[in-house]
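The structure under discussion appears below in the form of structure tokens.
The values are calculated or read from the model by the stated rules, or taken from the named source; none is laboratory data. Fair warning: this is a prediction, and the values are worked out from it, not measured in the lab. In this analysis, Cβ positions are derived from the backbone assuming ideal geometry, glycine residues included, and neighbour counts consider all displayed protein chains.
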Amino acid sequence: MKIEDLAAMSLPPAQVCPRKPHMLSLYGVEIQDDYAWIKAENWKEVLKDPDVLDPQIRAYLDAENAYAKAAFKGTADLQKRLIAEMRGRIKEDDSSVPENDGAYAYFTRYRDGGQHPIVCRSARGGGEDTVLLDGDKEGEGQAFFDLGGAEHSSDHRYLAWGADIKGSEYFTMRVREIATGKDLSDEVTGTSGDAVWLGDSSGFYYVELDENHRPVRVRLHRLGTPASDDAVIYEESDPGFFVNISATQSDAYVLIEASDHETSEVWLIDRADPAGTPRVVEPRTPGLRYDVEHHGDQLIIVTNADGAEDFKIMTVPVATPGRAFWRDLIPDRKGIMILFTVALARHLVRLEREDAKPRIVIREFATGREETIAFEEEAYSLSIDPGYEFDTTIIRYRYSSLTTPSEVIDYDLATGTRTLRKRQEVPSGHDKANYVTRRIFATAPDGESVPVSLLHHRDTAIDGSAPCLLYGYGSYGMSIPASFRTNILSLVDRGFVFAIAHIRGGTEKGWRWYLDGKREKKPNTFTDFIACGHALADARYSSRGRIVAHGGSAGGMLMGAVANLAPELFAGIVAEVPFVDVLNTMLDAELPLTPPEWPEWGNPGEDEAAFRTILSYSPYDNVKAQHYPAILALGGLTDPRVTYWEPAKWVARLRATMTGGGPVVLRLNMEAGHGGAAGRFDRLEEVALTYAFALRSVTGFEA
């Protein structure tokens, strides 16, 4: 067990990006952007057809990819070994645990060597499998293929399925007749990829994206009719609100939710009366968030109403759903955050988290009696799979930790019996006794205690000599679970410590943890992450200058910020699809995500304080004439979330400004978007590149 012995290699010279000064003047501040030209004027068209990209821009990006290829040439054998190791931990002919629905059980499986899922069903209780949709077959010949939702109809005759073949998250929906295995003539383009069927299976609801790639419109498609005739059921007029659809666990109602990062509004459609007008539960009120479930003549509301910072559960009659009639069922408890609920016929099941540790609580509707499912490991991941059925006493949950492979367990709510349905197999072998997981706490500059989950091999010396891969995100209230990750073992087995920084901007310690890491308090996210790095060094899990930071999307913005603030702490930084051009993006209301993001970051175009806050930390705008660690930036040409020019501009400015260090490498996937490669084995190539970079960062690049 050692860090890979990598021979020193000479790097080719990186290209120099042409400067074409573009000036921005706002609130008396003049900002020069030399690389704004990398943003294609026809970027909306590029999302749908990458071939229309300006040839000058394409040539520049191709040159960057050529440099990245040359920079990693000396790691080609290492990457092959890494891919072989990671693939060896994947059960190639894997399948999910079947989920019962009526007379059938639905599941997905993979074939040996297969890249994409195969959607199947069998008779309930067992029997011969029927293939409903073969992802490998559908993706044949496509440079990119991502299977979206695959929803069977209420009468089990049809399957509505969506696919994206550009990586731009424009999904085309089709309908397969299960008995014949053939698609009907129905085809709906430009959707979010999900469908909710009508109760009589005569059609389905879907969400349509507008010209700015925003999910704003719910339509109803009737089988056998042209998509141009699809009725608009709901249309959102506020560009800051995105729309999604779902169904209650009872299947009685379709839910239309319009929301941004602070406010939500839910509309009900009675599935027994699809021609009826949607009814709003409670009109949107700034700052009021609520989710809806259904039970009998009541709605179950999870909400932050009345100052319930970590959310509470309320009930309201279906007949009078407005907030004036909401009544507490489970009051708010500070520091205990309610994450998710599912309402079954006789039980209300909730997932909640306290001090970064999740647990499941089961409440009997009739008696109000509660019981808790919790676990003893220091750090672990726990989730609920609600399945399809409402009148059941079985709830399924998934458990894992950094050392424990995933387990799928059915819990009988009537008897308390636990049945292990599946344990994740690691074909090449995994002995959890070889690994150690711990949770430590870092002290932030303002005194806050920041949890850090970590994993290392039991033979790794805890004397400061080990390198560390430190992962962070810290935005949108998303928490990063301490779940089992087979890929990371390729670094851990080479002597790395793997650590997750549960920084502010997430909700690991409740909603307050999120609020303390957004808008004017966003810098807390960065200083928390830096504090975690120092804590790992102080506890001798690693040392300053031997830590490789890793984050993606908004976590990539974190990477750009800490590179500017504490470059000496890191040997390398991996920024995947990094949101680094924050100010310019938040000033461009035409971009897909900008209006909905204003509650998260602030609106610099209308709020001078927000402008100055964002300007103070935006990674692209704060690149300095200083020594930087090695940096790897990854992006996707058709990414609608973090557009390709953000990492490209950032890399150009870094190279032009830094006084030493590096190298700074950009690898742009010209055939994919935000999620990178879609095939499960193709993804391993990107992971191997990242890990090779991490290993090279701590053994040294030679410029």
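Condition (residue is surrounded by fewer than 17 Cβ atoms within 10 Å (Cβ to Cβ), touching a residue at least 24 places away in the same chain (Cβ under 8 Å), in a loop (DSSP other than H, G, I, E, B) and not polar (S, T, N, Q)) applied to the stretch 158-178: is it met by at least one residue? No, there is no match, as no residue in the stretch 158-178 is surrounded by fewer than 17 Cβ atoms within 10 Å (Cβ to Cβ), touching a residue at least 24 places away in the same chain (Cβ under 8 Å), in a loop (DSSP other than H, G, I, E, B) and not polar (S, T, N, Q). Scanning the stretch 240-255 for residues that are of a type in the set (Gly, Ala, Ser) and out of contact with any helix residue (DSSP H, G or I) (no Cβ under 9 Å at 6 or more places or on another chain) returns Ser246, Ala247, Ser250, Ala252.
Of all residues in the stretch 220-233, those that are under 20 Å from Ile245 (Cα atoms) and basic (Lys, Arg) have Cβ atoms under 8 Å from Cβ atoms of residues that are modelled with pLDDT of 95 or more and surrounded by 14 or more Cβ atoms within 10 Å (Cβ to Cβ), 6 or more apart or on another chain, in Arg222/Ser202; Arg222/Gly203; Arg222/Asp230. Of all residues in the stretch 272-316, those that are outside any strand (DSSP E or B) and modelled with pLDDT of 95 or more total 20. Scanning the stretch 70-86 for residues that are surrounded by 18 or more Cβ atoms within 10 Å (Cβ to Cβ) and either among the basic types (Lys, Arg) or in a loop (DSSP other than H, G, I, E, B) (or both) yields one hit, Phe72.
Filtering the stretch 469-498 to residues that are of a type outside the set (A, V, I, L, M, F, W, C), closer than 18 Å to Thr403 by Cβ, in a loop (DSSP other than H, G, I, E, B) and touching a helix residue (DSSP H, G or I) at 6+ places or on another chain (Cβ under 9 Å) leaves Thr486, Asn487, Asp493, Arg494. In the stretch 565-582, of all residues being out of contact with any Pro (no Cβ under 6 Å at 6 or more places or on another chain) and part of a helix (DSSP H, G or I), the one that is surrounded by the most Cβ atoms within 10 Å (Cβ to Cβ) corresponds to Val582.
When we screen Asp210, Asp194, Asp229 for residues that are among the acidic types (Asp, Glu), crowded, with 19+ Cβ neighbours inside 10 Å and in contact with a strand residue (DSSP E or B) (Cβ under 9 Å, 6 or more places away or on another chain), the only hit is Asp194. Do we have Gln15 as under 27 Å from the mean Cα position of the chain (by Cα) and not in a strand (DSSP E or B) here? So Gln15 fails the test. Considering only residues in the stretch 308-360 that are in contact with an Asp or Glu (Cβ under 8 Å, 6 or more places away or on another chain) and of a type in the set (Lys, Arg), the one that is surrounded by the fewest Cβ atoms within 10 Å (Cβ to Cβ) turns out to be Lys334. Selection within the stretch 21-69: residues that are of a type in the set (Asp, Glu) and in a helix (DSSP H, G or I). The member of this set that is nearest to Thr172 (Cα to Cα) is Glu45. So which residues in the stretch 603-628 are assigned to a loop (DSSP other than H, G, I, E, B) and either without any contact (Cβ under 8 Å) to a residue 24 or more places away in the chain or more than 14 Å from Arg655 (Cβ to Cβ) (or both)? Answer for the stretch 603-628, where residues must be assigned to a loop (DSSP other than H, G, I, E, B) and either without any contact (Cβ under 8 Å) to a residue 24 or more places away in the chain or more than 14 Å from Arg655 (Cβ to Cβ) (or both): Asn603, Pro604, Gly605, Glu606, Asp607, Ser618. Answer with yes or no whether Val207 is over 30 Å from Gly517 (Cα atoms) and either of a type in the set (A, V, I, L, M, F, W, C) or not in a strand (DSSP E or B) (or both). In short, yes. Answer with yes or no whether Thr638 is touching a Lys or Arg at 6+ places or on another chain (Cβ under 7 Å), more than 29 Å from Arg494 (Cα to Cα) and of a type in the set (Val, Ile, Thr). Here the answer is yes, as Thr638 does meet what is asked.
Among residues of the stretch 662-684 being at pLDDT below 95 and in a helix (DSSP H, G or I), the one that is surrounded by the fewest Cβ atoms within 10 Å (Cβ to Cβ) is Asp682. Under the condition of being touching a Phe, Trp or Tyr at 6+ places or on another chain (Cβ under 9 Å) and touching a residue at least 24 places away in the same chain (Cβ under 8 Å), the residues counted in the stretch 179-202 number 12. Considered as a group, the residues in the stretch 499-517 that are out of contact with any Pro (no Cβ under 8 Å at 6 or more places or on another chain) and assigned to a loop (DSSP other than H, G, I, E, B) include one that is surrounded by the most Cβ atoms within 10 Å (Cβ to Cβ), and that residue is Ile503. Within the stretch 537-580, if we keep just the residues that are of a type in the set (Phe, Trp, Tyr) and over 23 Å from the mean Cα position of the chain (by Cα), the residue that is nearest to Glu597 (Cα to Cα) turns out to be Phe570. Look at Asn42 and say whether it is modelled with pLDDT of 95 or more and surrounded by fewer than 13 Cβ atoms within 10 Å (Cβ to Cβ). Yes: the conditions hold for Asn42.
Among residues of the stretch 453-478 that are farther than 28 Å from Pro523 by Cβ, those with a beta-carbon under 8 Å from a residue that is modelled with pLDDT under 95 at least six positions away or on a different chain give the pairs His457/Met1; Asp459/Met1; Thr460/Met1. Here Phe390 clears all of (1) surrounded by fewer than 17 Cβ atoms within 10 Å (Cβ to Cβ); (2) over 23 Å from Glu508 (Cβ atoms); (3) in contact (Cβ under 8 Å) with a residue 24 or more places away in the chain except the condition numbered (1). For the stretch 427-461, the set of residues classified as surrounded by fewer than 17 Cβ atoms within 10 Å (Cβ to Cβ) and within 21 Å of Ile488 (Cβ to Cβ) consists of Pro427, Ser428, Gly429, Asp431, Lys432, Ala433, Asn434, Arg458, Asp459, Ala461, listed by residue number.
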